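The values are calculated or read from the model by the stated rules, or taken from the named source; none is laboratory data. Keep in mind that what you see is a predicted model, and the values were worked out from it rather than measured. Don't worry about glycine lacking a Cβ; one is built from the backbone with ideal geometry, like all the others, and counts go over all protein chains shown.
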Amino acid sequence: MSETKIIKIHDLINEIDHCIKHKKPFSYIRWGDGGIKMIHAIMTNDKSQIKEIAHKEGIPENKFMDVMKAWAFFSRKANYIDSPQVYYDGFFWERCRKKFKPMSKKTDKRLRMWRELYNYAEFDNENYCNPEVNFLLCLRLGNKRNILNIMKDRKIAFITACKDIPNKLSKYDVTLIPIVSQYENHYEACYKNTIKIIERDVKKYDLFFVSAGELGRIYTGLIKHYGGIALDMGFIAEYWSKGDLPDRLLMFMKKNPNNELEFKLTDEGNKYKDFI
């Protein structure tokens, strides 16, 4: 087995539920390839990559080091952070772009550097979850619970730019904390105000979902810091809003015909069910 121990989704679901019931602060933070690219750009002083990320994520270039320091602080405090090692150990499907088309050599090289990059960023946390945990939490695996079971009868806050999320999740008690989309100057437009809302309202909710890009990692950490429970759900907000799975997952996951909010494994994905 891999030296990098990854928590199973069923165990993670149980831990989240336990923390909600007993009001224990909790967070998991995913870096994925986006966070890794940003750390790599800072470490190598890749000015063109920094400029590209700054424009997309709405983070001023002179704030990059401050953001990474906050990442490091909250990463060390998180219950779990993700590890790309799952893509290379043979127990989970490989990272790809579409069907079996491999990711770019540049992205592959950076993901394989994850330990060096995490060390540089001073994350110092070896409690790992799968980078695809946000989608895996929505899997219907036999009669096991998923995140939708945990959401029932809980008060949920959702930090996202997908404004129709409360309507899409109308069966649940969901309050929207709106932010701007990518390329809309996130830091200047809503970063400080979102932090104020978290600090003021964190105890009002049983659970926070955060889909807010690179600055969202900070929101997730702050929610735990102030005593709440936060899950970095990433593009699950866009899936629930628009109904489109990322291309890289289409070979392995599909919509559950009985519930459009959750997934089932395809025949190809089913090969890995014992390791999810």
- Item | Residues satisfying the stated conditions in region 99-125, i.e. touching a strand residue (DSSP E or B) at 6+ places or on another chain (Cβ under 9 Å) and charged (D, E, K, R) | Asp108
- Residue satisfying condition, being surrounded by fewer than 20 Cβ atoms within 10 Å (Cβ to Cβ) and either at pLDDT below 95 or not small (Gly, Ala, Ser) (or both), within set Arg76, Arg110: Arg76
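Restrict the check to region 54-61 and report whether at least one residue is free of Cβ contacts under 8 Å to residues at least 12 places away in the same chain and hydrophobic (A, V, I, L, M, F, W, C).
Initial filter on region 54-61 (free of Cβ contacts under 8 Å to residues at least 12 places away in the same chain): 54, 61.
Adding the requirement that they be hydrophobic (A, V, I, L, M, F, W, C) leaves 54.
Looking through region 54-61, at least one residue is free of Cβ contacts under 8 Å to residues at least 12 places away in the same chain and hydrophobic (A, V, I, L, M, F, W, C).
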- Kindly list, by first and then second residue, each pair from a residue in region 253-276 that is touching a residue at least 24 places away in the same chain (Cβ under 8 Å) and within 18 Å of Arg145 (Cβ to Cβ) to a residue that is among the acidic types (Asp, Glu) and surrounded by 15 or more Cβ atoms within 10 Å (Cβ to Cβ), limited to pairs with Cβ atoms under 8 Å and residues at least 6 apart or on different chains. Asn256/Glu262
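I need the full set of residues from region 238-269 which are in a helix (DSSP H, G or I) and exposed (fewer than 13 other Cβ atoms within 10 Å of the Cβ), in order please.
Matches in region 238-269: Lys242, Asp247.
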- Determine if region 61-71 includes at least one residue that is under 16 Å from the mean Cα position of the chain (by Cα) and at pLDDT 95 or above. yes
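Please work out which residue is modelled with the highest pLDDT, limiting yourself to region 3-26 and to residues that are farther than 16 Å from Asp206 by Cβ, in contact with a Phe, Trp or Tyr (Cβ under 7 Å, 6 or more places away or on another chain) and not in a strand (DSSP E or B). Before the answer, list the steps.
Restricting attention to region 3-26, the residues satisfying the condition of being farther than 16 Å from Asp206 by Cβ are 3-12.
From the residues that got through so far, the ones that are in contact with a Phe, Trp or Tyr (Cβ under 7 Å, 6 or more places away or on another chain) too are 4-7.
Filter once more, keeping what is not in a strand (DSSP E or B): 4-5, 7.
Numbers: Thr4: 86, Lys5: 92, Ile7: 97.
Per the stated criteria, the residue is Ile7.
Does region 95-102 contain at least one residue that is modelled with pLDDT under 95, aromatic (Phe, Trp, Tyr) and farther than 23 Å from His225 by Cβ? Show your work before the answer.
Step one: list which residues in region 95-102 are modelled with pLDDT under 95, which gives 95-102.
Subset that is aromatic (Phe, Trp, Tyr): 100.
Those left that are additionally farther than 23 Å from His225 by Cβ: 100.
Yes, the conditions are met somewhere in region 95-102.
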- Just a yes or no: is a residue in region 180-191 within 20 Å of Lys21 (Cβ to Cβ), in contact (Cβ under 8 Å) with a residue 12 or more places away in the chain and under 19 Å from the mean Cα position of the chain (by Cα)? no
- Message: Can you say whether Phe91 is surrounded by fewer than 21 Cβ atoms within 10 Å (Cβ to Cβ) and either farther than 26 Å from Met253 by Cβ or without any contact (Cβ under 8 Å) to a residue 12 or more places away in the chain (or both), as far as the supplied structure shows?
- Response: no
- region 185-237: number of residues that are among the aromatic types (Phe, Trp, Tyr) and outside any loop (DSSP other than H, G, I, E, B): 5
- Those residues that are in contact (Cβ under 8 Å) with a residue 40 or more places away in the chain, exposed (fewer than 15 other Cβ atoms within 10 Å of the Cβ) and under 16 Å from Ser211 (Cβ atoms), I need them from region 132-169; list them, please. Asp164
